[in-house]
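A.B. asks: Just dropping this structure here.
The values are calculated or read from the model by the stated rules, or taken from the named source; none is laboratory data. Note that the structure is predicted; figures quoted are calculated from it, not measured. In this analysis, Cβ positions are derived from the backbone assuming ideal geometry, glycine residues included, and neighbour counts consider all displayed protein chains.
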Amino acid sequence: MPTLKETVSDFLAQERIAVVGVSRDGGQAANLVYKKLRDAGYRVFPGVIRLSRPGWRRFRRKVLQRNQMRINGIMDNGVLMRSMAGLMGHVKQACTRNLRASFFQRPGAKEATTV
């Protein structure tokens, strides 16, 4: 079994690190970890990406519309599930576009902005 020192060295040997718990407000402990790793030269990414408020409202409205269509008999459960899977895929894609762009960016290239 590896020692704690070996485990930490293996972890810090990574070029890219995701930090869970990073928040838009600066008071979170994860923000300090994020900044320290970034300042040390690591490519650091937030572990959780959140929807913007308007994006969340659109998503919720579409979910409620589809559920109402199911209740009214316009859509059966199978179609609802496929529709919801499509919505979820779209949301995941939209929320991580800038993150993915910066993650797969060549080292030394101009950084992509994340929203």
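A.B. asks: Only one residue in Lys92, Lys36 is at negative phi, at pLDDT 85 or above, outside any strand (DSSP E or B) and charged (D, E, K, R). Which one?
C.D. replies: Selected residue: Lys36, the only one of Lys92, Lys36 that is at negative phi, at pLDDT 85 or above, outside any strand (DSSP E or B) and charged (D, E, K, R).
A.B. asks: What single numbered condition from (1) closer than 16 Å to Val91 by Cα; (2) surrounded by 14 or more Cβ atoms within 10 Å (Cβ to Cβ) fails to hold for Trp56?
C.D. replies: Of the numbered conditions (1) closer than 16 Å to Val91 by Cα; (2) surrounded by 14 or more Cβ atoms within 10 Å (Cβ to Cβ), the odd one out for Trp56 is (2).
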